[in-house]
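The values are calculated or read from the model by the stated rules, or taken from the named source; none is laboratory data. What you see is a predicted model; the values in this text were computed from it and never measured. Using ideal geometry, Cβ is built from the backbone for each residue, glycine included, and neighbour counts are taken over all protein chains shown. What goes into the accessible areas is simple: the full protein's heavy atoms, side chains included, and nothing from ligands, DNA or RNA. Shrake-Rupley method; radii C 1.70, N 1.55, O 1.52, S 1.80 Å.
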Amino acid sequence: MKSQQTMKPATAAKKLGVYLEATPEEFQAGVVSRDELNELQANPPEWLADLRRNGPHPKQLIAQKLGISASGLVRAGITEALTTDQITALKDENPEWLVRERATYKEFKAEEARLAEKARLEEEAE
């Protein structure tokens, strides 16, 4: 019989795209099996649906929603999890740091794409 693969709550929260500290205590205190994770993804309970909808959200998701890197969040001094409303307010305010970080991130992504294309072309030429 195959033993059930389990993961720490932090790993499961990351896979679910939620901020661990905002999850219920029983989620944080236990271990999550692969089957439980699949069930949470397929049929999210109310607490999970609410977290995904309203936050607070983890840094990576905040950065993605703002169109910047996680490093850009740190440079801006944002170290705490933000709610969907807080992220929307930041987008609406569009502060100078956000404009700058979006431009930096866009340049980074363009360079990353250029290098990937260059590598692909070099591979084809071999």
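Restricting the search to the stretch 70-118, which residues are among the β-branched types (Val, Ile, Thr) and out of contact with any strand residue (DSSP E or B) (no Cβ under 9 Å at 6 or more places or on another chain)?
Passing the criteria: Val74, Ile78, Thr79, Thr88, Val99, Thr104.
Going by the conditions given, is Gly77 surrounded by 10 or more Cβ atoms within 10 Å (Cβ to Cβ) and either outside the structural domain of Val18 (by the TED database) or of a type in the set (Val, Ile, Thr) (or both)?
no
If I ask for residues that are more than 30 Å from Lys109 (Cβ to Cβ) and part of a helix (DSSP H, G or I), which ones from the stretch 15-34 would you list?
Glu25, Glu26, Phe27, Gln28, Ala29, Arg34
Failed condition for Tyr19, given (1) over 28 Å from Asp92 (Cα atoms); (2) modelled with pLDDT of 90 or more; (3) open to solvent by 30 Å² or more (accessible area, probe 1.4 Å), with all others met?
(1)
Take the residues in the stretch 22-49 that are among the small types (Gly, Ala, Ser) and touching a residue at least 24 places away in the same chain (Cβ under 8 Å), then tell me which one is surrounded by the most Cβ atoms within 10 Å (Cβ to Cβ).
Here the residue is Ala22.
Would the stretch 35-42 turn up any residue that is assigned to a loop (DSSP other than H, G, I, E, B) and outside the structural domain of Asn94 (by the TED database)?
Scanning the stretch 35-42, I find no residue that is assigned to a loop (DSSP other than H, G, I, E, B) and outside the structural domain of Asn94 (by the TED database), so the answer is no.
If you go through the stretch 50-69, how many residues are open to solvent by less than 30 Å² (accessible area, probe 1.4 Å) and either touching a His at 6+ places or on another chain (Cβ under 6 Å) or part of a helix (DSSP H, G or I) (or both)?
Number of matching residues: 4.
Starting from the stretch 79-96, take each residue that is in a helix (DSSP H, G or I) and list its partners that are among the charged types (D, E, K, R) and surrounded by fewer than 16 Cβ atoms within 10 Å (Cβ to Cβ), counting only C-beta distances under 8 angstrom and pairs at least six apart or across chains.
So the pair list comes out as Thr84/Arg53.
Among the residues of the stretch 2-41, write down those that are under 27 Å from Leu82 (Cβ atoms), over 15 Å from the mean Cα position of the chain (by Cα) and of a type in the set (A, V, I, L, M).
Answer for the stretch 2-41, where residues must be under 27 Å from Leu82 (Cβ atoms), over 15 Å from the mean Cα position of the chain (by Cα) and of a type in the set (A, V, I, L, M): Met7, Ala29, Val32, Leu37, Leu40.
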